[in-house]
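Here the structure comes first, spelled out in structure tokens, and everything after it is commentary.
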Amino acid sequence: MSDRRDFIKKAALGTIGISSVLSCTSVTSATAAVPVVSSGKKGSKPFVISTWNHGLPANDETWKQLKNGKSAIDAIEAGMRIPEADPKVRSVGYGGFPDREGKVTLDACIMDHNSDCGAVSFLQGIKHPISVAKNVMQNTPHVMLSGEGALQFALSEGFKEENLLTAEAEADWKKWMEESKYKPVINMENHDTISMLVIDKDGNISGGCTTSGAAWKMHGRVGDSPIIGAGLFLDNEVGGAASTGLGEAVIRTAGSAMVVELMRQGKSPLEACKEIVERIYNKHKNHRDMEYLQVGFIAINKNGEHAGYSLRSGFNYAITDEAEGSRMEDATFKMSWEE
């Protein structure tokens, strides 16, 4: 494998060329849990936060890697490979819901404290897109590779091509095909993207996202998860943010970048997340997507303060630190699904 310098040199000489779901995270919640709000106190280091219940095993592996001396980027990769390989997680990686043509297509990105980043979109046949995204960051002069080009790159890096459509996901797809009416799925099982933010022992921030995208999406659709500034953004001088929910709405507002920018202006993670969710609501309240719109953000700042905030009830996130280990917190929210 060529190292980054050799790759860039070859690319410049023209001898190497690489061509190239979010499912709506909606939760019906007639009896929403009382939200647990971040205390706003300075957090310990290291610190890990990620979206949804499948963030717990991801956090645990990330934490283990950090404690074993691995870099934050390597730890994030290891943690996110857990839900990517779990067929029970129906919105990430292997076993994820397919698009309307029955194809499982994956998106992922990763970003370190130096603002180096890598991403893949519309990737098929590779179980661990987070690892391919990391290789894009480390072994190419690019930020994102897509589609066939991303697959070619993954194979050249030694990844194995395999079928990601499980029997269960195929059965669900065939059932959906009976009506073939596209509408984002709103249920407890369709929790979508896993996004993760990490503060390492030195106080540096890194992050990543990975997803199989919206169930029954059009073939070729890409959500916010692989887009730096939408699904994930961080500035090591300020903090980091990551999203979950309807990717189109997050892309329209450059959601995660805007959360970080508000923290730069002095807002707390909770205040910043809340303001961007409100902005998304105001821009979409008369939009065709409003019926099933759910978006949420997690954020951390350099002081270790963290928060989660969502448009509608039901969003939760996983926290891991030295003091309390791993646990779930419920995000505060603007409105319930009944409103």
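The values are calculated or read from the model by the stated rules, or taken from the named source; none is laboratory data. Remember, it's a predicted structure, so these values are computed and weren't measured experimentally. Using ideal geometry, Cβ is built from the backbone for each residue, glycine included, and neighbour counts are taken over all protein chains shown.
Worth a mention:
- Restricted to region 81-129, and to residues there that are within 14 Å of the chain's Cα centre (by Cα) and acidic (Asp, Glu), the residue that is surrounded by the fewest Cβ atoms within 10 Å (Cβ to Cβ) is Glu84.
- Filtered by the rule that a residue be assigned to a helix (DSSP H, G or I) and touching a helix residue (DSSP H, G or I) at 6+ places or on another chain (Cβ under 7 Å), region 154-179 gives a lone residue, Ala154.
- Residues (in a loop (DSSP other than H, G, I, E, B), at pLDDT 95 or above, among the charged types (D, E, K, R) and more than 25 Å from Glu305 (Cα to Cα)) located in region 210-269: Arg221
- The set of residues in region 192-230 that are closer than 30 Å to Trp173 by Cβ and touching a His at 6+ places or on another chain (Cβ under 7 Å) contains only Ile194.
- Test: residue in region 248-268 that is of a type in the set (D, E, K, R), surrounded by fewer than 18 Cβ atoms within 10 Å (Cβ to Cβ) and under 18 Å from the mean Cα position of the chain (by Cα): yes
- Condition broken by Thr25, with the remaining ones in (1) modelled with pLDDT of 95 or more; (2) of a type in the set (S, T, N, Q); (3) touching a strand residue (DSSP E or B) at 6+ places or on another chain (Cβ under 8 Å) satisfied: (1)
- Of the residues in region 104-124, none is assigned to a loop (DSSP other than H, G, I, E, B), over 16 Å from Thr211 (Cβ atoms) and modelled with pLDDT under 95.
- Selection status of Thr193, surrounded by 24 or more Cβ atoms within 10 Å (Cβ to Cβ), modelled with pLDDT under 95 and of a type outside the set (A, V, I, L, M, F, W, C): yes
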